[in-house]
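One structure is given below, encoded as structure tokens.
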Amino acid sequence: MRVQFYKPNAKVTGTACQFWVGDDGAIMGSLIKQDGWNQNTRSGSFAKNMNNPAKRVILKFSQAEVGEMIRAIDTNTTAQTSGNDGFYHRSQNQITKIFFGPYLRGEQQVGYSYSVQKEDKEDSTNKTNFLIGFTFAEGIVLKEALLCALRESFVQASNPKNYKSQNKQSQPEQAPQPAQQAQPVSQAFDDDEW
């Protein structure tokens, strides 16, 4: 299972994101910042930032966090853990704060917003923010992909060959390479800072 969303813009502030299930059943996500814009084809590129840790982030979600994102889509509310908005992840080198919820333009909801703040664990001033919006239609696609990811994660978790690897401390998987072909810009969120 893999789902990808590309949101480039002419200001080169766009973001691409994807969700997938690893071989061990872990539900993963990544975001990457846009690196270029072709005015002739009105398409953006992201490939140059694939191996730049300052311009990308890779996340590992628990099944409960994925369930909470699905609940947030269903109820048009913010994903929460322990009564707090968003998710908080800490690793050896970084802290990530993850938010998912309604995207509002004024008082009107126009879709969903997904943002991640990545912060160096030793230097809290070294932060990078990622933001991408989803239309209502893309929210349906994301919800179905996350439901599929949960099912696949359950199947992988029940596989005896994966049981041992899930109990070991391991490094997150590397994000798959994005499509090399530039993606056309979506007009749905043109005026936003992606």
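The values are calculated or read from the model by the stated rules, or taken from the named source; none is laboratory data. Small disclaimer: the values here were computed from a predicted structure and weren't measured. Here Cβ is always computed from backbone atoms with ideal geometry, including for glycine, and neighbour counts include all displayed protein chains. Accessible surface areas use protein heavy atoms only, side chains included; no ligands, DNA or RNA. Shrake-Rupley method; radii C 1.70, N 1.55, O 1.52, S 1.80 Å.
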**OP:** Quantify how much of the Cα-Cα distance distribution of the stretch 16-170 extends past 29 Å, in percent.
**Re:** 22
Original post:
What accessible area per residue comes out for the stretch 28-169, rounded to a whole number of Å², with a 1.4 Å probe?
Top reply: 56
**OP:** Any lysines with Cα under 22 Å of the residue 121 Cα? List them, leaving off those in the same chain fewer than 8 positions away.
**Re:** 33, 55, 60, 97
Subject >> Loop-located GluC sites (Glu not before Pro) in the stretch 45-150 whose Cβ has at most 11 other Cβ within 10 Å (DSSP) >> reply: 107, 122
Original post:
For the stretch 80-150, which whole-number percentage of the solvent-accessible area (1.4 Å probe, protein heavy atoms only) is attributable to carbon and sulfur atoms?
Top reply: 47
Subject >> Per-residue ³J(HN,Hα) for the stretch 130-136, Karplus 6.51 cos²θ - 1.76 cosθ + 1.60, θ = phi - 60°, Hz, x for Gly and Pro >> reply: 10, 9, 9, x, 10, 5, 4
Original post:
Shape call for the stretch 1-53 from the C-alpha gyration tensor, a ≥ b ≥ c root eigenvalues: rounded (a/c under 1.5), prolate (a/b greater than b/c) or oblate?
Top reply: prolate
